[in-house]
1. Output the residues belonging to the stretch 254-275 that are aliphatic (A, V, I, L, M) and out of contact with any Ser or Thr (no Cβ under 7 Å at 6 or more places or on another chain).
2. If I ask for residues that are surrounded by fewer than 16 Cβ atoms within 10 Å (Cβ to Cβ) and closer than 15 Å to Thr65 by Cβ, which ones from the stretch 120-138 would you list?
3. Do we find that Glu64 is touching a Pro at 6+ places or on another chain (Cβ under 8 Å) and either more than 19 Å from Lys162 (Cα to Cα) or not assigned by TED's automatic domain parsing to the domain that holds Tyr195 (or both) in this structure?
4. When the stretch 226-240 is examined, which residues are found to be exposed (fewer than 15 other Cβ atoms within 10 Å of the Cβ) and touching a Phe, Trp or Tyr at 6+ places or on another chain (Cβ under 6 Å)?
5. Among the numbered conditions (1) farther than 26 Å from Ser221 by Cβ; (2) in contact with a Lys or Arg (Cβ under 9 Å, 6 or more places away or on another chain), tell me where Ala132 comes up short.
6. Filter the stretch 179-225 down to residues that are of a type in the set (Gly, Ala, Ser) and more than 23 Å from Leu91 (Cα to Cα) and give me whichever is surrounded by the fewest Cβ atoms within 10 Å (Cβ to Cβ).
Amino acid sequence: MARSWRSFMLIGFLSTILTWSMASVSTFASPGASYTTPAPARGFQPSSWTVAHATFYGDETASETMGGACGYGNLFSSGYGTDTVALSSTLFKDGYACGTCYQIKCAQATACLKGNPVTTVTATNLCPPNWAKDSNAGGWCNPPRSHFDMSKPAFMKIANWKAGIVPVMYRRVPCVKSGGLRFIFQGNGYWLLVYVMNVGGGGDIASMWVKGSKTGWISMSHNWGASYQAFSTLGGQSLSFKITSYTTKETIVALNVAPSDWSVGVSYKASVNFR
């Protein structure tokens, strides 16, 4: 009798578990079913601190930093200002590091400012190798060195500029931007060259697609720096873009960024950005 009662209870318990499991499967499998799953971790996270060296170029006006290998043009009008840096080729990664953000602080040098303040800079230029000089005596940006050639205003936030070069600690940090991605067009109706600016999160771009109002998604090739190109007839069409981050691999879509009467040399703003 006791064994029969226990058997009955076990069968009832297993039946309840089976019913709950089937309901759960049905909830997740049914179209339009409502369920909640943990949100995956998103957004760029700071890296660990690493040792390098920093120099500066230009003067207090930072006029020599305008333009640069990333193609951002006037750094004031494009939103980057004077807190910028040129990266050695080891860090520059053929332009894929354009737009990345770094915290830099002077380390263990008499030229360091009191308290070793930290400054944040954005990569806007390339510091090319100087093969005529030794890597430890003037060829600061020669591979495989990780080196930061800062604007003078940025350098003066961490060290006495008269030192010329100082040891630093640096780390990648999220780029905190206001508003959405910005796009500047060059080219013509058959060749579209797009510079992407104000990129948040990792600040970098791995790949990009464009979609006209009369086309599907068209893969764009990396031109140089922060520019991507498409050899397609896109004149007279409104344009949307799909962008994948180089670091986080996150992809976002910016719909209807430019109207059908878009023009070269004009800046267009999206409502989305990385974080």
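The values are calculated or read from the model by the stated rules, or taken from the named source; none is laboratory data. Just so you know, these numbers come straight off a predicted model, no measurement behind them. Every residue, glycine among them, receives a Cβ derived from its backbone with ideal geometry; neighbour counts consider all protein chains shown.
1. Filtering the stretch 254-275 down to residues aliphatic (A, V, I, L, M) leaves 254-255, 257-258, 264, 266, 270, 272.
If the condition is that a residue be aliphatic (A, V, I, L, M) and out of contact with any Ser or Thr (no Cβ under 7 Å at 6 or more places or on another chain), then Val264, Val266, Ala270, Val272 are the ones that fit.
2. Pro128
3. Answer is no for this residue.
4. Passing the criteria: only Phe231.
5. In the conditions (1) farther than 26 Å from Ser221 by Cβ; (2) in contact with a Lys or Arg (Cβ under 9 Å, 6 or more places away or on another chain), Ala132 misses (2) alone.
6. If we filter the stretch 179-225 for residues that are of a type in the set (Gly, Ala, Ser), which is where we start, we get 179-180, 187, 189, 200-203, 206-207, 212-213, 216, 219, 221, 225.
Within this subset, residues satisfying the condition of being more than 23 Å from Leu91 (Cα to Cα) are 179-180, 187, 189, 212-213, 216, 219.
Values: Gly179: 13, Gly180: 18, Gly187: 15, Gly189: 12, Gly212: 21, Ser213: 13, Gly216: 7, Ser219: 12.
Among residues in the stretch 179-225 that are of a type in the set (Gly, Ala, Ser) and more than 23 Å from Leu91 (Cα to Cα), the one surrounded by the fewest Cβ atoms within 10 Å (Cβ to Cβ) is Gly216.
For every residue, the table says whether it meets (1) in contact with a Leu (Cβ under 8 Å, 6 or more places away or on another chain); (2) outside the structural domain of Leu75 (by TED's automatic domain parsing); (3) polar (S, T, N, Q).
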{"residue": "Leu113", "(1), (2), (3)": "no, no, no"}
{"residue": "Ala132", "(1), (2), (3)": "no, no, no"}
{"residue": "Asn136", "(1), (2), (3)": "no, no, yes"}
{"residue": "Trp140", "(1), (2), (3)": "no, no, no"}
{"residue": "Arg145", "(1), (2), (3)": "no, no, no"}
{"residue": "Met150", "(1), (2), (3)": "no, no, no"}
{"residue": "Ile158", "(1), (2), (3)": "yes, no, no"}
{"residue": "Gly164", "(1), (2), (3)": "no, no, no"}
{"residue": "Val168", "(1), (2), (3)": "no, no, no"}
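One line per residue, one yes/no per condition, for (1) among the aromatic types (Phe, Trp, Tyr); (2) at pLDDT 95 or above; (3) in a helix (DSSP H, G or I):
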residue: Ile17; (1), (2), (3): no, no, yes
residue: Met22; (1), (2), (3): no, no, yes
residue: Thr27; (1), (2), (3): no, no, yes
residue: Gly32; (1), (2), (3): no, no, no
residue: Pro38; (1), (2), (3): no, no, no
residue: Ala41; (1), (2), (3): no, no, no
residue: Ala52; (1), (2), (3): no, yes, no
residue: Phe76; (1), (2), (3): yes, no, no
